[in-house]
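A.B. asks: Take this structure first; my questions come after.
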2 protein chains.
Amino acid sequence: MARDHGDGLAAIAGRIGVVGSVALNLVALVIYLRGHFFSSVGTVVEKRPSKKEELAVVAPSCGKPSVLSDSMISLDHGDPTMFETFWRGPIGKSAMLVIPGWQTMSYFSDVGNLCWFLEPGLEREVRRLHRLIGNAAVEGYHVLVGTGSMQLFQSALYALAPPIADSPISVVSHTPFYSSYPSVTDFLDSRLYRWAGDANTFDGDNYIEVVCSPNNPDGAIRETILKSKTGKAIHDLAYYWPQYTPITQMLAHDIMLFTVSKCTGHAGTRIGWALVKDKQVAQKMNKFMELNTIGVSKDAQLRAAKILGAVADGYEFQLTIPSGGDVNLLFHYARRQMAHRWRALRAAVAVSGIFSLPGEVGGFCTFTKDMVIANPAFAWLRCEKEEVEDLESFLREHKIITRSGTKFGVDRKVVRISMVDTDEAFNIFVDRLATMK
Amino acid sequence: MARDHGDGLAAIAGRIGVVGSVALNLVALVIYLRGHFFSSVGTVVEKRPSKKEELAVVAPSCGKPSVLSDSMISLDHGDPTMFETFWRGPIGKSAMLVIPGWQTMSYFSDVGNLCWFLEPGLEREVRRLHRLIGNAAVEGYHVLVGTGSMQLFQSALYALAPPIADSPISVVSHTPFYSSYPSVTDFLDSRLYRWAGDANTFDGDNYIEVVCSPNNPDGAIRETILKSKTGKAIHDLAYYWPQYTPITQMLAHDIMLFTVSKCTGHAGTRIGWALVKDKQVAQKMNKFMELNTIGVSKDAQLRAAKILGAVADGYEFQLTIPSGGDVNLLFHYARRQMAHRWRALRAAVAVSGIFSLPGEVGGFCTFTKDMVIANPAFAWLRCEKEEVEDLESFLREHKIITRSGTKFGVDRKVVRISMVDTDEAFNIFVDRLATMK
């Protein structure tokens, strides 16, 4: 998943961000001077801020700065900025959110719900979308909301770990595993749970197995590989959406994690959700959320509800433009874009001749009702050239920042590369890749 | 602080929320039926959702349900719904937030900033507000954003704890201390830090002392009481705003925590911030935020920026209505409301005759430039009647839910009561209190 963070993130970000930062600082300076000029408290200044000034105050950031053909290209994180084009289309209007100043002030959203801070509107849209896509069961499940799905991952570890134990429960996952699982499990050095590495080499009956399917980083379809009756599982289904993989069945695992980030591309909204079968587990996950952040931002939840609602509306009301097309059908639009990118990447790999990718896999998608090839959100690129021992370093010399296989529990000849960045960054990446010999 | 959670939260919430929940369920049912009616995927339904239906989809929750004179009144949490009246006033219009569907999709806000997920607009408004109020130094400080200030509290524990140590560092605070400090410190049973109780009885040179000033629960002005050169401090200044206490000096501690929740009343937005002097500490706190939630919702940050901006605009542009008054001056308005409530509470306590409150304290406020009495966000109520040994239970028999002194490290004859709930809940509370003999 692109819901990632690396050790050198600030450093890398700093390097590619100098231009953007200078621009932002200039804006800040202008606004500071304006504020300074009018800031004499006690003096009556009749001037109201103009519409333009009001807008300036809430102008959002624009994410990473644009890239040029000779820029450093960061494909380390799966920043899903590819989706922005879709949301700038006609559907964008129905996805606009308005929040009056007096709204959503209370901590509480629904005092009668197990998850008392979950906005009822978001719960409705989550259930509606799953019913529409058919990727996960919602009947009989509790819906929990998190600040991204990785917070819910931590809440699941907290809920599944035995409260009193001689030693922490082992958390394992089949290699290659998402690079954040080890660091997020271990950063607080908890006595409740600890990272124990590759599930294939784990020996024991008490464990939490994390299953990411389609798998980050390699896109593989996964199931639990450990089979003890006392073992627990967390299913991270961030990528189980039709743009990445055929929806082949309605999953109904004990704990299933999803995120708006990878579903619609709104990573900055930081909303994830969990579908949880067991009430006691759900209650304990919720307790984690209370202690960790006293719930989840309502504004972010309303945003997510609006976005998910617009996606479902696009399908349910078939909001196509007169000329037809998929301009309001998120999963069809995004699948087409992803398929286009994968073709471009495979062509570049063929031209270069020194790389390899996992083989194509496909299946019948019960949502789109056709046979499709999977388009993973990451390329899991291996270098077949003997001299290149450290592919991350090799690509960095070509000004492409990727994430080494070592962070996923495997070797240095393979890297993970985001396939969901902007068109410009992606195009520069494949152009450069094709020239490598 | 009202940024709280108790063990029986879901249970209590359930009890007081039955009416609200039924109402919400009816709404959900209607919307579900509507969705069901139009949900035949594949069938072309020409109807677009009407404006009304679109609004229904994102209708926000309305927090806790209304209360009647015989209702159970929950003043356990400091849910700052008192402020809603202010934001429904003329200033509300300028505090309205609009977010187009395509905005804030990236994980990144400012790649050149140490806190790369901090919206530049929020940082500007935070610095602007502190300059306006004069309660905390911002020059030379790093600004970090959190999902509420308790997440930043945890990030500070992570940053200040020695990474390699034989035993966890002790976290202490002067009694009575905020009831969440022990549970939030210990819930993951970290080997990095552990709760060690009252700072007054702590013996040692290595510790993290948490100083809450004005103090939750009793409103006292606090400083560190331990003086070792190797000890660390976290200053929780959630209530250091003019409506609660005179601003007597511009504080400049190493780590200072604030929250929108207690400043403007927007608890549901879940935005807190830290002012941090040391760059390495700020970097490590930021690392915690990356690992815990991969940053903070941009939508929530934009909301907070808009709200804080409206507050500062209210003062800088003196947005008063023609007849004058404080209708656009948050701190003046809220101070007047708080003072009114405190007078009502003290009168009820005098009429009853069985309770006592901490004595009034005051001082010269450098922001409002007058002598003022403090109006703490919580009443720290003690029962002087011998037969009443457990005040929380006693008040619960009168259908008033409060938080026992035992959760703050002291005895059962005292409770903490929120002073920032709705007018209706507060009025019922003081009426009942006056009748207790």
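What follows draws every value from the coordinates through simple rules; no lab data is involved. Given the structure is predicted, the values throughout are model-derived calculations rather than measurements. We place every Cβ from the backbone using ideal geometry, glycine too, and count neighbours over all the protein chains shown.
A.B. asks: Give the nm distances, rounded to one decimal, from A:MET371 to the matching residue in every other copy, measuring between label points 7 Å along Cα toward the beta carbon; shortest first.
C.D. replies: In nanometres, ordered from closest: 8.9.
A.B. asks: Which one, A:ILE164, A:ILE221, A:ILE417, has the greatest fluctuation when you compute a Gaussian network model over chain A with C-alpha springs under 10 angstrom?
C.D. replies: A:ILE164
A.B. asks: Only Lys, Arg, Asp and Glu count, each charged at its Cβ (+1, +1, -1, -1), so figure out the dipole size of the protein assembly as shown about its Cα centre, rounded to 20 debye.
C.D. replies: 1620
A.B. asks: Which of A:GLY268, A:GLY309, A:GLY101 ends up with the largest GNM mean-square fluctuation for chain A, with Cα atoms connected below 10 Å?
C.D. replies: A:GLY101
A.B. asks: Also, I was wondering about something else. When the Kirkwood radius is taken over all Cα pairs of region B:311-428, what Stokes-Einstein diffusion coefficient follows at 4 °C and 1.567 mPa s, in µm²/s?
C.D. replies: 79
A.B. asks: Cα centroids of region A:196-250 and region B:194-260: how far apart, whole angstrom?
C.D. replies: What the calculation gives is 44 Å, centre to centre.
A.B. asks: For chain A, what is the percent of antiparallel DSSP beta bridges, rounded to the nearest 5? Working shown, then result.
C.D. replies: On the way: 23 of 41 bridges.
Approximately 55 percent, going by the DSSP bridge assignments.
A.B. asks: Once you've got the Cα coordinates, tell me which of A:LYS227/B:LYS298; A:LYS262/B:LYS306; A:LYS287/B:LYS93; B:LYS93/B:LYS232; B:LYS262/B:LYS284 are over 32 Å apart.
C.D. replies: A:LYS227/B:LYS298; A:LYS287/B:LYS93; B:LYS93/B:LYS232
A.B. asks: Rounded to the nearest 500, what is the protein assembly as shown's calculated 222 nm mean residue ellipticity when only DSSP H runs of at least 4 contribute -39500 (n - 2.57) each, over all residues?
C.D. replies: My calculation for the protein assembly as shown gives -11000 deg cm²/dmol from helical runs alone.
A.B. asks: For A:LYS413, which aspartates and glutamates qualify as cross-link partners when the Cα separation must be under 19 Å and same-chain residues fewer than eight apart are set aside?
C.D. replies: Of all the aspartates and glutamates, those that pass the test against A:LYS413 - Cα under 19 Å, at least 8 places apart if same chain - are A:ASP76, A:ASP198, A:ASP218, A:GLU384, A:GLU386, A:GLU387, A:GLU389, A:ASP390, A:GLU392, A:GLU397.
A.B. asks: If I histogram all Cα-Cα distances within the protein assembly as shown using bins 10 Å wide from 0, what percent of pairs lands in each bin?
C.D. replies: Reading upward from the zero bin: 2, 13, 23, 26, 20, 11, 4, 1, 0.
A.B. asks: I've got another one for you. Tell me, B:MET419, B:MET285, B:MET436 in order of fewest to most beta-carbon neighbours within 10 Å?
C.D. replies: Working: B:MET419 24, B:MET285 28, B:MET436 20.
With the fewest neighbours first, B:MET419, B:MET285, B:MET436 line up as B:MET436, B:MET419, B:MET285.
A.B. asks: Where does the charge balance sit around B:ALA159 when Lys and Arg score +1, Asp and Glu -1, over other residues with C-beta under 13 Å from its C-beta?
C.D. replies: On the way: positive: B:LYS232, B:LYS277, B:LYS279, B:LYS284, B:LYS287; negative: B:ASP254, B:ASP278, B:GLU290.
Taking every Cβ under 13 Å from that of B:ALA159, the sum is +2.
A.B. asks: Oh, and also: Find out how many positive minus negative residues lie around A:CYS365, taking Lys and Arg as positive, Asp and Glu as negative, among other residues whose Cβ is under 14 Å from that of A:CYS365.
C.D. replies: Once positives and negatives cancel, what remains is +2.
A.B. asks: Right, next: Roughly how many whole Å is it from the C-alpha centroid of region B:351-421 to that of region A:318-395?
C.D. replies: 62
A.B. asks: Here's something else I'd like to know. In what order do B:SER297, A:SER109, B:SER404 fall by count of nearby beta-carbon atoms within 10 Å, going from fewest to most?
C.D. replies: With the fewest neighbours first, B:SER297, A:SER109, B:SER404 line up as B:SER404, A:SER109, B:SER297.
A.B. asks: Label chain B by shape, choosing from rounded, prolate and oblate, from the square roots a ≥ b ≥ c of the eigenvalues of the Cα gyration tensor; if a/c is under 1.5 it is rounded, and otherwise prolate applies when a/b is larger than b/c, oblate when it is not.
C.D. replies: rounded
A.B. asks: Restricting to region B:120-314, compute how many DSSP beta bridges are antiparallel as a %, nearest 5.
C.D. replies: Of those bridges, close to 40 percent are antiparallel.
A.B. asks: On to the next question. Determine, for A:LEU308, B:LEU97, the number of other Cβ atoms within 10 Å of each Cβ, and report the residues in order from fewest to most.
C.D. replies: So the ranking, lowest neighbour count to highest, is B:LEU97, A:LEU308.
A.B. asks: Partner chain Cβ atoms within 10 Å, averaged over the residues of B:140-152 - can you pull that number for me?
C.D. replies: Working: counts 0, 0, 0, 0, 0, 0, 1, 11, 8, 1, 5, 5, 0.
That works out to 2 on average.
A.B. asks: Nearest 5 is fine: what % of DSSP beta bridges in the protein assembly as shown come out antiparallel, could you say?
C.D. replies: Details: 50 of 86 bridges.
Within the protein assembly as shown, antiparallel bridges account for around 60 percent of the total.
A.B. asks: Give the nm distances, rounded to one decimal, from A:ASP390 to the matching residue in every other copy, measuring between label points 7 Å along Cα toward the beta carbon; shortest first.
C.D. replies: For A:ASP390, the inter-copy label distances come out at 6.3 nm.
A.B. asks: Using a 7 Å offset from Cα along the direction of the beta-carbon, what are the separations from A:GLY204 to the same position in each other copy, nm, ascending?
C.D. replies: Those label-point separations list as 2.8 nm.
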